[in-house]
Amino acid sequence: MTKTSDNALWMSGNEALALGAFEAGVKVASGYPGTPSTEILENLCTYEGVYTEWAPNEKVGLEVAIGACFAGVRALATMKHVGVNVAADPLFTASYTGVCGGLVLVTADDPEMHSSQNEQDNRNYAFAAKLPMFEPSDPMEAKEMLKAAFEMSEELDTPVMLRITTRVAHVKGVVSRGEKTVSHASCGISKVPAKLVMLPSIARKRREVVEERMRTCRELVETASYNRIETGDTKRGFITSGVSYLYVKEAFPEAAVLKLGVCWPLPEQKIRDFAASVEELYIVEELDPFLETHIKAMGIACHGKDCIPNMGELNTAIVREAIDPGSTKKIFAPIELPPRPPNMCAGCPHRGIFFNLSRMKVFVSGDIGCYTLGFLPPLSAMDACVCMGASVSMAHGMAKALGEDSHNKVVSVIGDSTFIHSGITGLINTVYNNSASTLIILDNRITAMTGQQPNPASGSTIKGEAAHVLDIEALCRAVGVKHVFVVNPHDVPETRRVLKEAVELTEPSVVISRAPCVLLPEMKLRKPVSYFTNQENCVGCMSCIRLGCPAISWTTFEEGEAERRGYKKSQKGISKIDEIVCNDCGQCASLCKFKAITRKEE
């Protein structure tokens, strides 16, 4: 966040949402970190008077927010798009209960899958759960729409969803400070079981309330300021929402546009009036033909996914080219960017685990986190990855499918935060149904992939305050695991010995790989020491190279160079360690049998 004047700030969409939550009078905010949503709570926790927390998973986060709103305060839940899948159970029923204080769920969708395992359009959740949804186009709109969402939530007695995408979350824009609003509800617990206890007999009555609420909402959105017609050339008109609106305005600045700030429910009469005013109608939206499908269901002819891509992000060039083929050749020249392949950090504790797994005859059921990079060469040690927590349950299923006599061993790998998120229940199931599979918990003391957020095993809260540290070993034993091992993954040979022992067991086993993430502040403040290659001892075995560490490079000898430099004629090259990049983990040294890699002391 950058201050541009006393009342104007230079903010990202996520920073603006945090400001909007503060100005809306939010008292409780909970969620789970996930790109592109993470920075909302990270910024909101800096505001006075707002309780913020990282929950173990998105379902818990939304349930915390629901509980807070039942107590009469405004509450916010934040998560990325796949997190709504986890939170869907309470979400759909909260649509029936309604609210006491305002309740808003922010879903951050990720078109193009910049940091996600799938590409989904969460506007469909608003439709399926019968909830109104806002969709801002820029940071200023994000702030103001969040405030409007809380007003709507209390006015209509409903949870409200607000959808952003990666571009809106991370783009920067000028945001003006506003006045703090006041909740229409009063803080305090009121016992209203006929509204909040969803037994079938009550839920059937509340279902009627939901339908009546949506009828009222449809009337409201017809005149809502966020659904606006921008006049222009009527030869070609556009209906759009979210960041797609900006692409349309850049590609066709002269055209008439109906901008939908509330993308569900739709303002049907406004859409009909706009469609009748233009000769040709285009629906421009990212991912699913959500608007297009509902507009066509109204009997309105329009173009949409017959020309606009239904996969990946849009941009100005794509939109213009899709509608006016050939028009972008002179306007938008493509820029070739150098490739930047992802890699685990130098000194990453996960590298030692995957190096060992790559040399064991096991099927590796993986999970969501930095360690998913174990799939990439040269480690190439992950064979499946579906969603948060699935590694444990899938490994159990595979072990049962293969049978006890199978020579195929199955190992699941999961991070500490992901294990807490949704891996614990899988482990309980593994023990309960007695599966001969091994779970490796990569405990690096933090939620690393999303930017170093603490979790229940880290010992601190979102504000950096001290918190109880979850005892993962005790938890595993408490659910019935008899064989629990703890290893230092930087000691590669010893880790391999323990992994082999665990995998050979005919009962459930857990290996906890414990070493802190190298990007933690306390790791960065260590004394500046590193390893270096004593090239006189290097025999070119390439054991260190196979770790895939970015600090280690390989020089291939040209013909005759080995002899000229005093090496064996058969040696193909030598390794070298960049001492600036090295993070002093020692994995390479533990592999080197020729004492060519040495720790450089101060």
Subject >> Thr234, sole failed condition from (1) among the polar types (S, T, N, Q); (2) touching a helix residue (DSSP H, G or I) at 6+ places or on another chain (Cβ under 7 Å); (3) under 23 Å from Glu151 (Cα atoms) >> reply: (3)
**OP:** For Ile414, state whether it is crowded, with 20+ Cβ neighbours inside 10 Å, in a loop (DSSP other than H, G, I, E, B) and under 20 Å from the mean Cα position of the chain (by Cα).
**Re:** no
**OP:** Would you point out which residue out of Glu404, Glu465 is touching a Ser or Thr at 6+ places or on another chain (Cβ under 8 Å) and of a type in the set (D, E, K, R)?
**Re:** Glu404
Original post:
Where in the stretch 489-602 are there helices (runs of 4 or more DSSP H), lying wholly inside it, with at least 3 residues that are among the small types (Gly, Ala, Ser) and over 23 Å from Phe354 (Cα atoms)?
Top reply: none
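So is Met360 assigned by TED's automatic domain parsing to the domain that holds Leu439, without any contact (Cβ under 8 Å) to a residue 40 or more places away in the chain and not in a strand (DSSP E or B) or not? I'd like the intermediate steps shown before the answer.
Details: assigned by TED's automatic domain parsing to the domain that holds Leu439: yes; without any contact (Cβ under 8 Å) to a residue 40 or more places away in the chain: no; not in a strand (DSSP E or B): yes.
For Met360, the condition - assigned by TED's automatic domain parsing to the domain that holds Leu439, without any contact (Cβ under 8 Å) to a residue 40 or more places away in the chain and not in a strand (DSSP E or B) - is not met.
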Original post:
For Ile40, which of the numbered conditions (1) in contact with a strand residue (DSSP E or B) (Cβ under 8 Å, 6 or more places away or on another chain); (2) surrounded by fewer than 24 Cβ atoms within 10 Å (Cβ to Cβ); (3) at negative phi fails to hold?
Top reply: (2)
Original post:
All but one of (1) in a loop (DSSP other than H, G, I, E, B); (2) surrounded by 15 or more Cβ atoms within 10 Å (Cβ to Cβ) hold for Gly464; which doesn't?
Top reply: (2)
Subject >> Single residue of Lys191, Lys130 found to be loosely packed, with under 14 Cβ neighbours inside 10 Å and not hydrophobic (A, V, I, L, M, F, W, C) >> reply: Lys191
**OP:** Kindly indicate which of Val469, Val518 is under 31 Å from the mean Cα position of the chain (by Cα) and either surrounded by 18 or more Cβ atoms within 10 Å (Cβ to Cβ) or on the phi > 0 side of the Ramachandran plot (or both).
**Re:** Val518
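This table checks each residue for (1) without any contact (Cβ under 8 Å) to a residue 60 or more places away in the chain; (2) outside the structural domain of Met388 (by TED's automatic domain parsing); (3) charged (D, E, K, R).
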position: Thr46; (1), (2), (3): yes, yes, no
position: Trp54; (1), (2), (3): no, yes, no
position: Asn57; (1), (2), (3): no, yes, no
position: Val73; (1), (2), (3): no, yes, no
position: Asp89; (1), (2), (3): yes, yes, yes
position: Ala94; (1), (2), (3): no, yes, no
position: Pro111; (1), (2), (3): no, yes, no
position: Gln120; (1), (2), (3): no, yes, no
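The rows are residues; the columns are (1) among the β-branched types (Val, Ile, Thr); (2) under 15 Å from Ala474 (Cα atoms); (3) touching a Phe, Trp or Tyr at 6+ places or on another chain (Cβ under 6 Å).
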site	(1), (2), (3)
Asp416	no, yes, no
Val431	yes, yes, no
Ala436	no, no, no
Ala457	no, yes, no
**OP:** Would you mind finding the one in Val174, Val99 that is buried (at least 23 other Cβ atoms within 10 Å of the Cβ) and either in contact (Cβ under 8 Å) with a residue 40 or more places away in the chain or in a loop (DSSP other than H, G, I, E, B) (or both)?
**Re:** Val99
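Yes or no: the stretch 145-154 includes at least one residue that is under 21 Å from the mean Cα position of the chain (by Cα) and at negative phi.
Here is the first cut: in the stretch 145-154, the residues under 21 Å from the mean Cα position of the chain (by Cα) are 146.
Of the ones still in play, those that are also at negative phi are 146.
The answer is yes; a qualifying residue exists.
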**OP:** Could you tell me which numbered condition Gly25 fails, if it satisfies all but one of (1) of a type outside the set (Val, Ile, Thr); (2) on the phi > 0 side of the Ramachandran plot; (3) under 21 Å from the mean Cα position of the chain (by Cα)?
**Re:** (3)
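Take Glu279 and tell me if it is farther than 19 Å from Ile164 by Cα, in contact with a strand residue (DSSP E or B) (Cβ under 9 Å, 6 or more places away or on another chain) and not basic (Lys, Arg).
On the way: farther than 19 Å from Ile164 by Cα: yes; in contact with a strand residue (DSSP E or B) (Cβ under 9 Å, 6 or more places away or on another chain): yes; not basic (Lys, Arg): yes.
It is true that Glu279 is farther than 19 Å from Ile164 by Cα, in contact with a strand residue (DSSP E or B) (Cβ under 9 Å, 6 or more places away or on another chain) and not basic (Lys, Arg).
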Subject >> Check on Ala256, in a strand (DSSP E or B) and touching a residue at least 24 places away in the same chain (Cβ under 8 Å) >> reply: yes
**OP:** Scan the stretch 566-602 for residues that are free of Cβ contacts under 8 Å to residues at least 60 places away in the same chain, crowded, with 16+ Cβ neighbours inside 10 Å and small (Gly, Ala, Ser) and report the count.
**Re:** 3
Original post:
Name the pairs: first residue in the stretch 187-206 and outside the structural domain of Arg74 (by TED's automatic domain parsing) and on the phi < 0 side of the Ramachandran plot, second residue assigned to a helix (DSSP H, G or I) and not aliphatic (A, V, I, L, M), Cβ to Cβ under 6 Å, at least 6 apart or on different chains?
Top reply: none
**OP:** Restricting attention to the stretch 218-250, report how many residues are outside any strand (DSSP E or B), touching a Gly at 6+ places or on another chain (Cβ under 9 Å) and surrounded by fewer than 15 Cβ atoms within 10 Å (Cβ to Cβ).
**Re:** 1
Original post:
Restricting attention to the stretch 394-403, does a residue exist that is surrounded by fewer than 22 Cβ atoms within 10 Å (Cβ to Cβ) and not in a helix (DSSP H, G or I)?
Top reply: yes
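Within the stretch 427-449, work out how many residues are in contact with a His (Cβ under 8 Å, 6 or more places away or on another chain) and buried (at least 22 other Cβ atoms within 10 Å of the Cβ). Walk me through how you get there before you give the answer.
Residues of the stretch 427-449 in contact with a His (Cβ under 8 Å, 6 or more places away or on another chain): 429-430, 433, 435, 437, 442, 444.
Now narrow it down to the ones that are buried (at least 22 other Cβ atoms within 10 Å of the Cβ): 430, 435, 437, 442, 444.
Going through the stretch 427-449 one residue at a time, the tally reaches 5.
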Original post:
Would you pick out the residues in the stretch 295-307 that are basic (Lys, Arg) and part of a helix (DSSP H, G or I)?
Top reply: Lys296
Original post:
Among the residues of the stretch 259-294 satisfying the criterion of being assigned to a helix (DSSP H, G or I) and either touching a Cys at 6+ places or on another chain (Cβ under 6 Å) or aromatic (Phe, Trp, Tyr) (or both), which is surrounded by the most Cβ atoms within 10 Å (Cβ to Cβ)?
Top reply: Phe290
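The values are calculated or read from the model by the stated rules, or taken from the named source; none is laboratory data. Bear in mind that the values here come from a model prediction, so they are computed numbers and not experimental data. Virtual Cβ from ideal backbone geometry, glycine too; neighbours counted across all protein chains shown.
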